[in-house]
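What follows is a set of notes on a single structure, which appears directly below.
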Amino acid sequence: MHLRTFFLLLATCVLMPLWAHPHIFIDVKINATREKVTITWLFDAMTSAMLMGDYDKNKDKILDASEVAFIEKDHFKPLADYSFFMRSFNGKEEKEIKKTESFHAVIDKKRLVYTFSLPAMTLKNYELRFFDPEMYVAMILKKEALVCSKEFTCKAQGYDADFYYGYKASIAQ
């Protein structure tokens with residue numbers, strides 16, 4: 001009987017990652033210019049409600065400067081350890097994103113929105129790849145959410161499944 005329980009437990013532990021799926025959904029918007037790449041995250045309604053409960057301290061549904069600073073320090077900056085769920089790719093190697101600029105957060109129609117920028121890319125051609133290897137966060141980039149200034153050609157591609165989401169923005173000059 002104990003051997004059967006052991007194998008059942010072992011099978012559960014081995015197969016559990018196959019049932020992994022995102023719990024947080026973030027719609028991504030990108031605006032690429034020569035000067036910078038501005039990224040906007042629009043959190044799903046449930047995640048927004050939970051985060052606003054934690055960070056909108058006065059419960060007025062408006063984030064003041066001190067609340068935004070606290071969100072940045074407590075929630076956003078620690079995501080650098082996860083490369084902000086994105087990587088840059090120069091055609092040869094993928095690199096983690098460790099630095100962002102100009103962070104701002106607002107509540108828009110009961111959804112939490114983060115906006116931040118990346119330093120200007122010095123490459124003529126690059127990709128921004130959005131994914132969470134642990135499949136906890138789904139980063140979703142739709143074609144209409146990718147905007148580039150006239151000197152760039154941009155293309156959004158992605159893969160949606162019930163359990164895995166991966167997107168990339170290809171940006172070429």
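Test Ser88 against the criterion of being polar (S, T, N, Q) and at pLDDT 90 or above, and give yes or no. Against the criterion (polar (S, T, N, Q) and at pLDDT 90 or above), Ser88 does not qualify. If only residues of the range 119-132 that are of a type outside the set (Phe, Trp, Tyr), within 24 Å of Asp160 (Cβ to Cβ) and in contact (Cβ under 8 Å) with a residue 60 or more places away in the chain are counted, the one that is surrounded by the most Cβ atoms within 10 Å (Cβ to Cβ) is Leu128.
If we keep just the residues of the range 83-99 that are without any contact (Cβ under 8 Å) to a residue 40 or more places away in the chain and in contact with a Phe, Trp or Tyr (Cβ under 7 Å, 6 or more places away or on another chain), which is nearest to Ala49 (Cα to Cα)?
That would be Ile97.
Within the range 98-138, the set of residues being under 15 Å from Ala169 (Cα atoms) and in contact with a helix residue (DSSP H, G or I) (Cβ under 7 Å, 6 or more places away or on another chain) comprises Phe130, Phe131. Looking across the range 44-103, the residues that are crowded, with 17+ Cβ neighbours inside 10 Å, part of a loop (DSSP other than H, G, I, E, B) and of a type outside the set (D, E, K, R) come down to Leu63, Ile97, Thr100. Filtered by the rule that a residue be under 16 Å from Asp27 (Cβ atoms) and charged (D, E, K, R), the range 141-161 gives Lys142, Lys143, Glu144, Asp160. Going by what's in this entry, would Glu72 be described as modelled with pLDDT of 90 or more, acidic (Asp, Glu) and more than 28 Å from Cys148 (Cα to Cα)? It is false that Glu72 is modelled with pLDDT of 90 or more, acidic (Asp, Glu) and more than 28 Å from Cys148 (Cα to Cα).
Each residue in the range 4-51 was checked for being among the hydroxyl-bearing types (Ser, Thr, Tyr), within 23 Å of Pro133 (Cβ to Cβ) and modelled with pLDDT of 85 or more, and 2 of them qualify. Checking the range 146-160 against the condition returns no match, with no residue being aromatic (Phe, Trp, Tyr), assigned to a strand (DSSP E or B) and surrounded by 12 or more Cβ atoms within 10 Å (Cβ to Cβ). Only one of the numbered conditions (1) outside any strand (DSSP E or B); (2) surrounded by 14 or more Cβ atoms within 10 Å (Cβ to Cβ); (3) within 12 Å of the chain's Cα centre (by Cα); (4) modelled with pLDDT of 85 or more is violated by Met135, and that is (4). Against the condition of a type outside the set (Ser, Thr, Tyr), under 19 Å from Ser102 (Cβ atoms) and modelled with pLDDT of 90 or more, how does Lys77 come out, does it pass? Criteria met by Lys77. State which residue is nearest to Leu79 (Cα to Cα) when the search covers only the range 103-118 and only residues that are touching a strand residue (DSSP E or B) at 6+ places or on another chain (Cβ under 6 Å) and free of Cβ contacts under 8 Å to residues at least 60 places away in the same chain. So the residue we want is Phe103.
The values are calculated or read from the model by the stated rules, or taken from the named source; none is laboratory data. This structure is a prediction, so every number in the text was calculated from the model and none was measured. Backbone-built Cβ (ideal geometry, glycine too); neighbour counts: all protein chains shown.
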